[in-house]
Amino acid sequence: MTLALNQVNTIFLAVALLVLGTFLVKKAGFLQKFCIPAPVVGGLLFAIIATALKATGVLEITLDTSLQSLFMLTFFTTVGLGASFKLIRLGGKLLVIYWIACGFLALMQNVIGVSLASLFGIHPLIGMMAGAVSMEGGHGAAGAFGQTLEDMGIQSALAIGIAAATFGLVAGGLVGGPTVKYLVSKYNLKPTETEEGTAEVEEKVEPITTNVFFIQVLLITFCMALGTYLGELFSTATGFVLPGYVGAMFVAVIVRNIVDKFKPAAIDMKSINLIGDVTLGIFLSMALMSIKLWEVASLALPMLVIVLVQVVFIVLFGAFVLFRLLGKDYDAAVMVAGFTGHGLGATPNAMANMAAVTERFGPSRKAYLVVPIVGAFLIDVFGMPIIITTINLFK
């Protein structure tokens, strides 16, 4: 028996699973502890149920996920609009060092993924899906690039990426604290600040109006339209694969920094972040619930080995290289906790790691300024070109 869901029913199911995932995350403490996203919880739950129903011959469910790419495109455009280079000046030299280190990490994660995939005799781009795409990129990038690779004929790329991103999230939450504890104990580090608090960038809290909201929609759709058009032209002219959402994101970065020069008030990040959160949630929910888990069983062991090597590398790099580059002090140690968190998962993981460290050892204003800016906004400026280049080298 087959149940075919149309476009509208599929979107409804995606939203319902997102709401269910949010409920389960609130109820299950371990899901909150490791910052597992709600759409991952709801979507994976449905994928498991759908797999069981298909395996037992009870029911096969087919989905119309044709709008998934639109939600994905919108989300990456909002990421680009958040990348204001004015933020770099706030963080100074430490931010630049940390940012470059994130770019190096993305490169090495792909080298590790592709190299180990070749040793296991599987497609190099499957290894990349357990590299920078899922580690530093997280679930959003894993869903986006996984779909891109599957459209190129590389089966199971999406499922491998999502599974690796989920494992990375958990690992990032587990290893960040112990790594910093080692550094604090070995070097007898002490915070330089006596007062509690963080130096996060403060924004005026104002209600979102319809007029302001539609200005943000105008900016987002303009970047989407121009970015996808330029991306198609570039791909056609060069033969170099450039997914439309990558072009839209980089156009959005340019637009954001042009607007910052002439009329910065036109950008309302509260509205843009809201649109980004909604579209990411629906996109991830649709990506997860459509995973064919039965296709990835044979790749489970290679993927696990690749991700474990990624975890070991980021811990060693953070503790013995980045820590020294950032000044070998307490602030550097806290930033290593953040680096481990978003280098294996997502910015919320980084913030959770730093919160656990600073609650025990003391505050670090520098870390709370640098890590969120790079992890949430600037990281893709290096990461995306590295991923795109890797795809084109091994396609």
Checked the range 120-158 for anything of a type in the set (Asp, Glu) and either on the phi > 0 side of the Ramachandran plot or touching a residue at least 40 places away in the same chain (Cβ under 8 Å) (or both); matches are Glu136
Residue pairs, Cβ under 6 Å, 6 or more apart or interchain, first in the range 375-394 and open to solvent by 10 Å² or more (accessible area, probe 1.4 Å), second hydroxyl-bearing (Ser, Thr, Tyr) and in a helix (DSSP H, G or I). List them.
Gly375/Thr347; Ala376/Thr347
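Going by the conditions given, is Ser298 exposed (fewer than 14 other Cβ atoms within 10 Å of the Cβ) and polar (S, T, N, Q)? Let's see the steps before the verdict.
On the way: exposed (fewer than 14 other Cβ atoms within 10 Å of the Cβ): yes; polar (S, T, N, Q): yes.
Yes, satisfied.
Give the residue, chosen from Phe222, Phe240, that is surrounded by fewer than 22 Cβ atoms within 10 Å (Cβ to Cβ), hydrophobic (A, V, I, L, M, F, W, C) and in a loop (DSSP other than H, G, I, E, B).
Values: Phe222 fails: in a loop (DSSP other than H, G, I, E, B).
Among Phe222, Phe240, only Phe240 is surrounded by fewer than 22 Cβ atoms within 10 Å (Cβ to Cβ), hydrophobic (A, V, I, L, M, F, W, C) and in a loop (DSSP other than H, G, I, E, B).
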Of the conditions (1) assigned to a helix (DSSP H, G or I); (2) farther than 30 Å from Lys328 by Cβ; (3) open to solvent by less than 10 Å² (accessible area, probe 1.4 Å); (4) touching a residue at least 60 places away in the same chain (Cβ under 8 Å), Gly161 satisfies every one except a single condition; which number is it?
(4)
From (1) open to solvent by less than 50 Å² (accessible area, probe 1.4 Å); (2) in contact (Cβ under 8 Å) with a residue 60 or more places away in the chain; (3) of a type outside the set (A, V, I, L, M), pick out the condition that doesn't hold for Gly92.
(2)
Can you confirm whether the range 124-131 contains a residue that is within 20 Å of Pro243 (Cα to Cα), touching a helix residue (DSSP H, G or I) at 6+ places or on another chain (Cβ under 8 Å) and open to solvent by 10 Å² or more (accessible area, probe 1.4 Å)?
yes
State the number of residues belonging to the range 225-237 that are surrounded by fewer than 16 Cβ atoms within 10 Å (Cβ to Cβ) and of a type in the set (A, V, I, L, M).
3
Complete set of residues in the range 3-36 that are over 18 Å from Leu280 (Cα atoms) and not in a helix (DSSP H, G or I):
Leu3, Ala4, Leu5, Asn6, Ala28, Phe34
Expected output for the range 220-245 (first residue under 26 Å from Val278 (Cα atoms), partner part of a helix (DSSP H, G or I) and open to solvent by 40 Å² or more (accessible area, probe 1.4 Å), Cβ below 6 Å, 6+ apart or cross-chain) is Leu242/Phe234
Sort out which residues of the range 37-88 are outside any helix (DSSP H, G or I), open to solvent by 30 Å² or more (accessible area, probe 1.4 Å) and modelled with pLDDT under 85, and write them in order of number.
Pro37, Phe85
Kindly check whether there is at least one residue in the range 261-284 that is closer than 23 Å to Gln7 by Cα, in contact with a Ser or Thr (Cβ under 9 Å, 6 or more places away or on another chain), open to solvent by 30 Å² or more (accessible area, probe 1.4 Å) and small (Gly, Ala, Ser).
no
Ser298 fails exactly one of the following numbered conditions: (1) of a type in the set (Gly, Ala, Ser); (2) more than 30 Å from Thr62 (Cβ to Cβ); (3) out of contact with any Leu (no Cβ under 7 Å at 6 or more places or on another chain). What is the number of that condition?
(2)
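The values are calculated or read from the model by the stated rules, or taken from the named source; none is laboratory data. Please read these numbers as outputs of a predicted model, since none were measured by experiment. Don't worry about glycine lacking a Cβ; one is built from the backbone with ideal geometry, like all the others, and counts go over all protein chains shown. To get the accessible areas, we keep the full protein, side chains included, count just its heavy atoms, and leave off ligands, DNA and RNA. Shrake-Rupley method; radii C 1.70, N 1.55, O 1.52, S 1.80 Å.
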